[in-house]
Amino acid sequence: MGLYDELVKIVGNKYCSDKDFICVAYSRGLDPCLPEIIPQIAIRPESTEQVAEIIKVANKYNTPILPRGGGCGLMGGSKPISKDTLLIDLTRMDKIIDIDEENHTVTVQCGINWSRLNAVLFDKGFYTGNMGPGSGLNASIGGGLSHHSGGGGGCAKYGKCSENCIGLEVVLGTGEVIRLGSQENRYVEKPFVRLALGPDLMGIFLGDNGIMGIKTMATMKIYPKPPYFSGKTFYIKEQTYENAQKIVLEMKKKGWSRELGIYDFFFTPPPAVMGITTDKLIETWGEIKGGVIFYVTEAFDEKVLERNSEILASIAEKYSTRELGPSANEGNITDWYYGEQGHWQVYHPLFSICGPNYFACTTEVIVPVSRFPEILYKLDKWEEEKYEELLDAEAEAGTSHIVMLNHNSCYIGSGLTATTDEDLKEEVIRLWKEQFELLLKAGGVIYMCGQIGSQVLVDSRIYDDRFYNFLKKVKNLVDPNNIISSGKFRF
Ligand SMILES: Cc1cc2nc3c(=O)[nH]c(=O)nc-3n(C[C@H](O)[C@H](O)[C@H](O)COP(=O)(O)OP(=O)(O)OC[C@H]3O[C@@H](n4cnc5c(N)ncnc54)[C@H](O)[C@@H]3O)c2cc1C
């Protein structure tokens, strides 16, 4: 029996394929230019036991494996790096194992997507707080935890999704299964807390970009969903970066989420606003030329909501703003964003700004709030300096959005748009890497690394050498034959 037959024995014929027309679908991600390598086999397990068996077989044949959730990664993280890859599609593992309404936790198989999970939780009056990434209609919990995702709702209040993870089951590169969090105690029946019987080893697997093991089960915190919300959208007429920052800093000083119930806060800089208005993606924004901020606040009490909304608006109004609203017809997008679950759709139009033949090469970094205007100016300057090179590569650079996180930082969503033209790919990749390098050397940190980001970290010597050596040792311990996601981080 060879590799393929041994795998079929584990999952059955229906869920294992080496046919081109199946495997080719797994060679693609969202970027237009990283190589599209077709895996040799794609397999769809349904249980942790099956995943463990698959990994043991892969070790026997020394075959590289790549875990894939919704396949929405933007940096080549969920497409193969080598041709002999065995791709493990985890989306069949989508069961909700337990919703604990007393202890406010949910335990799921990691292939479930954010929207399906939250649809079930909403019916019970709960939500996951952080609603995963903007691609949450498709992206999985496992993908989110591997990327420290956030942006699909709730970042300002709940931070990144991994901050809300309190239990994890992982299959290591050896096929061993381990449980992290309170289940490190063999007598604990159900996961309930992350920091448990010693050092926090769960962190090794969070934000690992799929290199440390296969996440099969996760326990997340859940929160009662407040019944009241309101939000406002403001257009900032001048000094948009500085004024957006001043608004955030003042709101933070007055208590942010804890005091003012802020759930989300977005800033869209002027060039992206121009793209949105030119393409009439949000018609009610008319032809405004400036930056736009919007925020949502939520509360359990109507009077508290009213008070918080007034405080927030009075802050925003101080900094050269004009309200777009209050109604949706006048440009306030927050009812759609929060009330109609638009938070999972907000990025789709941004990705389409440059038309059907262009795709995004995304660079996202987290920076301290105190520095985001300065870093945005650096990006603008880089774009100006690279004007000719970008033109030759038929690419455009830009920053689409800045999302505030719960404590002291925010993330900047920027990148390039480029065509799939074969002749231009190499040049686009070069510019893409350069933009990453610029942001990292400016002091940003990346969380979603994929293929390209993880390689920039090593090739551009961003990593502190002592840390990188330690990372190598840890990787070697959990995956001694380096079969999981090999090629990323230059492993
Ligand atoms: C429209 C759009 C909007 C987006 N918005 C955001 C955003 O707001 N914030 C954000 O962070 N990202 C965003 N993304 C990027 C991406 O969708 C997210 O990072 C998402 O969390 C990826 O989840 P996924 O299930 O699609 O993972 P995949 O793309 O399938 O995989 C991502 C990485 O995780 C690994 N992986 C997946 N599942 C597992 C598992 N069970 N065990 C171990 N490793 C695993 C893969 O090997 C890969 O390295 C967006 C993408 C799109 C297309």
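FYI, it's all coordinate maths here, none of it is from the lab. Keep in mind it's a predicted model, so treat the numbers as computed, not measured. Positions of Cβ are backbone-derived with ideal geometry, glycine not excepted, and every protein chain shown enters the neighbour counts.
Worth a mention:
- Here segment 96-224 is assigned +1 on the Cβ of each Lys and Arg and -1 on the Cβ of each Asp and Glu. Its dipole about the Cα centre then comes out at about 240 debye.
- Here the Karplus curve 6.51 cos²θ - 1.76 cosθ + 1.60, taken at θ = phi - 60°, turns the phi angles of segment 210-215 into couplings of x, 9, 9, x, 9, 7 Hz, with x standing for Gly and Pro.
- Antiparallel bridges, percent of DSSP beta bridges restricted to the chain (to nearest 5): 85 percent
- Three semi-axes of the equivalent ellipsoid, the chain, Cα gyration tensor, whole Å, largest first: 37, 28, 20
- Estimated dipole of the chain in Debye, rounded to 20 [Cβ of Lys and Arg +1, of Asp and Glu -1, Cα centre]: 1300 debye
- Interchain or long-range residues, amide H under 5 Å from PHE126's placed H: LYS225
- Within straight-line reach of LYS246, meaning a Cα separation under 28 Å, sit the following lysines at least 8 residues removed in sequence or on another chain: LYS157, LYS160, LYS232, LYS237, LYS254, LYS289, LYS303, LYS318, LYS378, LYS381, LYS441.
- Peptides 452-458, 262-268 ranked from most to least packed, by the mean per-residue count of other Cβ atoms within 10 Å: 262-268, 452-458.
- Applying both filters, DSSP loop and at most 15 other Cβ atoms within 10 Å, to the chymotrypsin sites (Phe, Trp or Tyr not before Pro) of segment 1-94 gives TYR61.
- Qualifying GluC sites (Glu not before Pro) in segment 234-295, DSSP loop, other Cβ atoms within 10 Å at most 15: GLU238, GLU287
- The relative contact order of the chain, computed from alpha carbon pairs under 8 Å that lie at least 6 residues apart in sequence, is 17 percent.
- Taking every DSSP helix (H) stretch of at least 4 residues in the chain, weighting each as -39,500 (n - 2.57) and dividing the sum by the residue count yields a mean residue ellipticity at 222 nm of -9500 deg cm²/dmol.
- 3J(HN,Hα) from dihedral phi, segment 10-25, Karplus parametrisation 6.51/-1.76/1.60, rounded to Hz, x for glycine, proline: 7, 10, x, 4, 5, 10, 9, 8, 10, 6, 4, 5, 8, 5, 4, 4
- Karplus (6.51, -1.76, 1.60) ³J(HN,Hα), θ = phi - 60°, over segment 338-351, in Hz, Gly and Pro reported as x: 9, x, 9, 6, x, 4, 8, 10, 4, 7, 4, x, 4, 5
- Alpha carbon centroid spacing (whole Å) that separates segment 468-491 from segment 153-211: 19 Å
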